[in-house]
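Report on the structure given below.
The values are calculated or read from the model by the stated rules, or taken from the named source; none is laboratory data. Computed from a predicted structure; not experimentally measured. Positions of Cβ are generated from backbone atoms using ideal geometry, with glycine treated the same way; all protein chains shown enter the neighbour counts. Ligands, DNA and RNA are excluded from the accessible area calculation, which covers all protein heavy atoms including side chains. Shrake-Rupley method; radii C 1.70, N 1.55, O 1.52, S 1.80 Å.
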Amino acid sequence: MATTLSKLATLIGDSPTLKINAAARALKAAGEPVIHLGGGEPTYPAPQAAVDAIIAQAHTRKIKYSPSSGTPAMKKAVIGYTQKMYGWTVEPTQVLISAGAKQALFNFLLAAVTEGDEVIFAAPYWVSYPEMIKMAGGTPVCVRPTQGLQVTAQQILDAVTPKTKAILLNSPCNPSGQIYSEEFIKTMVEFAEKNDIFLVMDDIYHQLVFDGNKTPNPCKYAKEGNNMVIINGVSKLYGLTGLRIGWAVAKRKDLIAAMGRMQAQSTSCNSDLSETAACAALNGDQGCIADMCRVLEDNRNTLLEEVNKIPNVKVQKPMATFYSFVDFSYYNKSSAELAEFLLKKALVAVVPGVAFGADGYLRISFCADKASIIEGVRRIRWALDKTQPNELKAGDKILKRD
């Protein structure tokens, strides 16, 4: 028998965001003055409570396996968080702690989706949604907005078929930074519950909001909520991306148990140190979230000010997250080509919109420091605007247009 790869291996593509990160790191390692505006990783320092907890646990010299579905302390912290943020009272058997929100979502798909089942999500979408659904044997159903960066509730409802198993919503949205309205969320919750369709809320950015905005609480509109799954984690909210700790909360204990079995047979358990630190972050001073939001809002305003200096681009003001999704189609309708051009010509890393289901756009992150944001957009403008000088100084390097 030939040593061929699996059919699945040929169907699943690389993560575009991780690919961009690797390319940017390689250039930086080679001494190039790269500006990285493609990342999804806040530069905000880790909460002191999390750092202290890691050190204290490490000093015990007991760094062992943790319970597969999460430590009792971490589950208790998530139960408290769920009560405070959503008004939901849940038990430990209704909580699963995972190696990041991404694994929590993947566990759900493995536990709930049977081959041929359809999972609906809206564009622009997080790059991993369609690939993860395919890996679970499901059929991705992408609903695209007719204008702007948000679909309507009716568009989602129109995409529902007898094969629909789940609707997956990400609000605030990566990559657009947009928030669905109260009416939209209310419609989705009530429809999914009435029609016995899973409603998965990817809420990883739900507190990173600006301008006094709020993310609607889906639990507010649920009668029983037995079909709802809420995904969250500490990566974005506290800037603790390196911990790789997320969670899923669901009323259905059989669903959480099934998701736990998927996890137990793959990663076995989470890092004991990471759960200790994540627990401390959830139980510690929450002022760090407000501080981060202030920094990100200021960064967003700076980014918008600089981007608006580039002729012929269109940008919808992000209401949340730390991403802007900018329409650069005037310069190149192929976002992959444009992102590659900007990395080579201007030494600026951004993520092509085609990876999020919207070609012609680039995702530009504003979680970098303000100086990098200003310098990065300055280089992008120089590379695209032919009225700019033929040469540009970037660090100790002179960039030339031709």
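Note down the magnitude of the dipole of the range 261-363 about its Cα centre, charges +1 on Lys and Arg C-beta and -1 on Asp and Glu C-beta and zero elsewhere, to the nearest 20 debye. Kindly include the intermediate steps, with their values, before the conclusion.
Values: 10 positive and 12 negative charges, 85 e Å.
In total the dipole reaches around 400 debye.
The overall shape of the range 340-402, judged from the alpha-carbon gyration tensor, is oblate: a/c is not under 1.5, and a/b is no greater than b/c.
Taking all protein chains as shown and a probe of 1.4 angstrom, SER271 keeps an accessible surface of around 60 Å². Our estimate of slack between ASP52 and ASP369, defined as 0.36 nm per intervening residue step minus the Cα-Cα distance, is 111.6 nm.
Site pair LYS62 and ASN195 shows an inter-label distance of 5.1 nm when each label is modelled 7 Å from Cα along Cα→Cβ. Using a simple spin-label model with pseudo-atoms 7 Å out from Cα toward Cβ, LYS314 and LYS19 lie 2.6 nm apart. For the chain, modelled as a GNM whose springs connect Cα atoms under 10 angstrom apart, the maximal fluctuation among LYS62, LYS214, LYS163 occurs at LYS62. The length gained by stretching the chain between ASN226 and ALA9 to full extension, at 0.36 nm per residue less their Cα-Cα distance, is 74.7 nm. The chymotrypsin sites (Phe, Trp or Tyr not before Pro) of the range 1-98 that meet both conditions, a loop assignment by DSSP and at most 12 other Cβ atoms within 10 Å of the site Cβ, are TYR65. Length gained on full extension, ASP158 to LYS28: 42.1 nm, using 0.36 nm per residue less the C-alpha separation. Split the accessible area of the chain by element, probe 1.4 Å, and carbon with sulfur accounts for 54%. Heavy-atom accessible area, probed at 1.4 angstrom with all protein chains present, ranks VAL95, VAL141 as VAL141, VAL95, highest first. Extending 7 Å from Cα along the Cβ direction at LYS84 and again at GLN388 yields two label points whose distance is 4.4 nm.
A 1.4 Å probe run over the protein chains yields, for the range 178-337, 40 Å² of accessible area per residue, whole-number rounding. Close Lys pairs in the range 1-143, defined as Cα atoms under 16 Å apart and 8 or more places apart or on different chains, number 5.
For the range 168-291, the tally of Lys pairs with Cα-Cα distances below 25 Å comes to 19, considering only residues 8 or more apart or on different chains.
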